[in-house]
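Visitor: Below is one structure. I have some questions about it.
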Amino acid sequence: MYAWPASEVPALPGQGRDLRIHDTATEGLVTLDPGPVARIYVCGITPYDATHMGHAATYNAFDLVQRVWLDTKRQVHYVQNVTDVDDPLLERAQRDDIDWVALAEKETALFREDMTALRMLPPRHYIGAVEAIPGIVPLVERLRDAGAAYELDGDIYFSVESDPNFGKVSNLDAAAMRLLSAERGGDPERPGKKNPLDPMLWMAARPGEPSWDGGSLGQGRPGWHIECVAIALDHLGMTFDVQGGGSDLAFPHHEMGASHAQVLIGEFPMAKAYVHAGMVGLHGEKMSKSKGNLVFVSQLRRDGVDPAAIRLALLAHHYRADWEWTDQVLQDAVDRLGRWRAAVSRPDGPDAEALVEEIREALANDLDAPAALAAVDRWVTRQDTEGGTDIGAPGVVSRAVDALLGVAL
Ligand code: 5CA
Ligand code: ZN
């Protein structure tokens, strides 16, 4: 499907830096050394409700990854999916008595608007689960032919025991995995499974639910993890640089994806770094569509909040931290945006070359956006207190903030 328009990314003077980022699998920082084309897969939305601040924070993190790479003059091959058929989407459509396709289209369209307003750079390939089905079916068949999948009442499950590296993405013990499997779309209680954690690869058609021709798999629809594996392998190939998402995707989603790829390709890991953003909460609980404690990007925009302020509110938190959305967070961002805009509209200021390097250094260091904001704050304060005679400096600051942080001043 189509994505959304890209905003301009100004070229900056000097040299970009290679990204050092936290990898969940090795539980440490890795310095990525992509070739001339960096490859990243970011798990996309399940479009049954509008984009909330948690989604926006996660996509902001991976937008920064892209901007750091672009600053090193690399191209970025960015792929994102849309889980446009899955249980929660079908359940919401049924609850609201609307067509599931119309619901998915409506929420995906709103997501595109929100991403555009927030100046998130679009993926090169934006792929829906439904359109990926012709690529998913042969992968499930291959897993079955390799003895890594089995049938249970017409549904086809992946056997986690077929992967010697199972567990190496999320590094959790068995009890934690079992708990999270139940919470996050798995069915550990279903009788007849070889291992309670085994995820579904292909779900046989259910009455009243959409289904597709799965060839030798029968009529049905794809499981969640194989969706992302099929799209990633098709568009990026094995061993791409980053697979990204919120921390709630480490297990089971990214763990199972790595397992599917291990059996299909015979290699681990599928991504050189598994990068996970912290969870944004509201009123003490993780913001989630299922709980309904949500602040929507589109609602804030409707209320007249400048999307650049929303973006600054996200950037004020380290991507790996769990944090709370509050009115104060937004107010602080609105105030900061006002100060920055006033500063870059002045005719001159202190030299900004060192500032560009500070922003680069902060982002290259595990995407430390709060440190980048603090560096800009310091330049703004210096301009205010000491003045400065560099007539090019406000323009340099404005271009650096745009190119590296995605905020148009
Ligand atoms: N379609 C799947 C991924 S293939 C999915 O998880 N969709 S989602 O709509 O539920 O979430 C989209 C992205 O937002 C995921 O990366 C998820 O980890 C992230 N996310 C969801 N809630 C939050 C939150 N409260 N804070 C931060 N990130 C969140
Ligand atoms: Zn995914």
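The values are calculated or read from the model by the stated rules, or taken from the named source; none is laboratory data. What you see is a predicted model; the values in this text were computed from it and never measured. Cβ: placed from backbone, ideal geometry, glycine included. Neighbour counts: every protein chain shown. We work out accessible area using only protein heavy atoms, side chains counted, and drop any ligands, DNA or RNA first. Shrake-Rupley method; radii C 1.70, N 1.55, O 1.52, S 1.80 Å.
Visitor: Given a cut-off of 28 Å, name the pairs among Lys73/Lys272; Lys73/Lys168; Lys106/Lys291; Lys168/Lys286; Lys73/Lys106 whose C-alpha atoms lie farther apart than that in the structure shown.
Guide: Long pairs (Cα-Cα over 28 Å): Lys73/Lys168; Lys73/Lys106.
Visitor: Here's a follow-up. Choose one of Val101, Trp323, Leu118: the residue whose Cα lies farthest towards the positive end of the charge dipole of the chain (beta-carbon charges +1 Lys, Arg; -1 Asp, Glu; about the Cα centre).
Guide: Of the options given, the answer is Leu118.
Visitor: Classify region 200-267: rounded, prolate or oblate, from the alpha-carbon gyration tensor (a ≥ b ≥ c, eigenvalue square roots; a/c under 1.5 rounded; otherwise prolate if a/b is larger than b/c)? Could the numbers behind the result be given before it?
Guide: On the way: a/c = 2.43, a/b = 1.69, b/c = 1.44.
Verdict is prolate for region 200-267.
Visitor: Also, quick follow-up: Over the chain, what percent of the accessible surface lies on carbon and sulfur atoms, probe 1.4 Å?
Guide: On the chain, the fraction of accessible area on carbon and sulfur atoms equals 50 percent.
Visitor: Could you tell me how many degrees, from 0 to 90 and to the nearest 10, lie between the Cα long axis of helix 100-117 and the main elongation axis, the longest principal axis, of the Cα atoms of the chain?
Guide: Roughly 20 degrees between the two axes.
Visitor: To the nearest 0.05, how large is the calculated FRET efficiency for Asp332 and Arg301 if R₀ is 22 Å and r is the Cβ-Cβ distance?
Guide: After rounding to 0.05, the efficiency reads 0.75.
Visitor: So for the chain: antiparallel DSSP bridges make up what percent, rounded to the nearest 5?
Guide: 45 percent
Visitor: Considering only DSSP states other than H, G, I, E and B, which trypsin sites (Lys or Arg not before Pro) in region 64-164 qualify as loop sites with at most 11 other Cβ atoms within 10 Å? Please list the in-between numbers first.
Guide: Values: sites: Arg67, Lys73, Arg74, Arg92, Arg95, Lys106, Arg112, Arg119, Arg124, Arg142, Arg144; in loops: Lys73, Arg74, Arg119, Arg124.
Passing both the DSSP loop test and the Cβ count: Lys73.
Visitor: Still on this model: For Glu324, what residues show an amide H to amide H distance below 5 Å, using hydrogens built from the backbone and excluding near sequence neighbours?
Guide: Hits under the 5 Å cutoff: Gly281.
Visitor: Also, I was wondering about something else. Would you mind checking the tilt of helix 174-183 against the longest principal axis of the Cα atoms of the chain, expressed as 0 to 90 degrees and rounded to 10?
Guide: Rounded to the nearest ten degrees, it is 90.
Visitor: Tell me whether region 305-365 comes out rounded, prolate or oblate; compute the Cα gyration tensor, take square roots of the eigenvalues as a ≥ b ≥ c, and use a/c under 1.5 as the rounded threshold. Display every interim value, and only then the final one.
Guide: Details: a/c = 3.31, a/b = 1.27, b/c = 2.61.
The shape class here is oblate.
Visitor: When the expected Rg is taken as 2.2 N^0.38 Å, what fraction or multiple of it is the alpha-carbon Rg of region 20-297? The partial results should precede the final answer.
Guide: Working: Rg = 18.0 Å, N = 278, 2.2 N^0.38 = 18.7 Å.
Dividing the Cα Rg of region 20-297 by 2.2 N^0.38 Å gives 0.96.
Visitor: Amide H neighbours of Gly214 under 5 Å, counting only residues 5+ apart in sequence or on other chains, H built in-plane at 1.01 Å?
Guide: Close amide H contacts, sequence-distant or interchain: Gln219, Gly220.
Visitor: Per residue of region 219-232, what does 6.51 cos²θ - 1.76 cosθ + 1.60 with θ = phi - 60° give for ³J(HN,Hα)? Whole Hz please, x for Gly and Pro, Karplus curve as stated.
Guide: Coupling constants for region 219-232: 5, x, 9, x, x, 6, 5, 5, 4, 6, 5, 4, 5, 5 Hz.
Visitor: Still on this structure, I have one more. Convert each backbone phi in region 207-216 into a coupling constant with the Karplus relation 6.51 cos²θ - 1.76 cosθ + 1.60 (shift: θ = phi - 60°), then list the ³J(HN,Hα) values in order as whole Hz, x for Gly and Pro.
Guide: x, x, 10, x, 8, 10, 6, x, x, 5
Visitor: Amide H neighbours of Gly128 under 5 Å, counting only residues 5+ apart in sequence or on other chains, H built in-plane at 1.01 Å?
Guide: Val82
Visitor: Also, quick follow-up: Helix 53-71 versus the longest principal axis of the chain: what is the Cα-based angle in degrees, 0 to 90, to the nearest 10?
Guide: 70 degrees
Visitor: Roughly what % of Cα-Cα distances in region 307-405 sit above 16 Å, to the whole percent?
Guide: 54 percent
Visitor: How many percent of all Cα-Cα pairs in region 10-137 sit more than 23 Å apart?
Guide: 43 percent
Visitor: What list of ³J(HN,Hα) values in whole Hz, one per residue of region 265-276 in order, does the Karplus curve 6.51 cos²θ - 1.76 cosθ + 1.60 (θ = phi - 60°) give from phi, with Gly and Pro shown as x?
Guide: 9, x, 9, 9, x, 5, 10, 5, 9, 9, 10, 10
Visitor: Could you work out [θ]222 nm for the chain from helices alone, using -39500 (n - 2.57) per DSSP H run of at least four and dividing by all its residues? Round to the nearest 500 deg cm²/dmol.
Guide: Estimated from H runs of four or more residues: -13500 deg cm²/dmol.
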